[in-house]
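Have a look at the structure below, then the notes.
Bear in mind that the values in this text are calculations on the coordinates, not laboratory data. Treat the numbers as computed from the prediction; the structure is a model and nothing was measured. Heads up, the Cβs are rebuilt from the backbone with ideal geometry, glycines too, and the neighbour counts pull from every protein chain shown.
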Amino acid sequence: RRTLAWHIARRPQGIVAASVQYGHVGTQMTQGYAGSLASGFPDEHSFEAFLERLENLGQAHARLLAGEHVSGPAAPRYRARVTSTARFEGITVPSNAAARRLLNSRDLQVIQGDAMSCVFDSARALCNKETGGNTADGPHLGTCRTSCTNIARTDRDIEELQLRAEGLRTIVADPLCPPIRHAREQAELDRLTKIITIHKEGEHDERPR
């Protein structure tokens, strides 16, 4: 159960990947395979998720101390939460249930998404609003909306976006590219270029004078 919990907590779409690996028709079957609620598997999963979140935030804190720039509407909250996680260092977690409670701490709600970080605040979250989904327990990264004010981007995220922008430039420059695709990729390239430019301008503004 501990091994399965580790893979689910630390791999993208972990529960889905586990279901595919075991040939299960649904994620509920995978969770049942790991054990019932009474078996303690949900708490095992929470403990691994808690450790993974702390490790990620510890690394993010080290990068901030090294001068990493952060942009986006949630940048101030990102810095505040990442910095505050230092208080969790050396904390004793007496049980998996305690890890589950700690995982819900507001200061730990910084979740890495697709070339962005979600500094989660349920009152601000735009994800899954179209379907009336409940975001109280965390973000739905699969339905993340670029206009959400919970988004922050680090230098690492911008490096990923720069790679994507380079690929889009190649497509847009291709004279044989179909007009419809050209227009779609050009619009995405313009969006990424704006994000990258704003990030770099803010990085320049933060440098000591």
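Summary of computed values
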item	result
Search result, residues across segment 145-175 that are closer than 27 Å to Gln109 by Cα and among the acidic types (Asp, Glu)	Asp155, Asp157, Glu159, Glu160
Filter pass, Leu192 being in contact with a His (Cβ under 9 Å, 6 or more places away or on another chain) and of a type outside the set (Val, Ile, Thr)	no
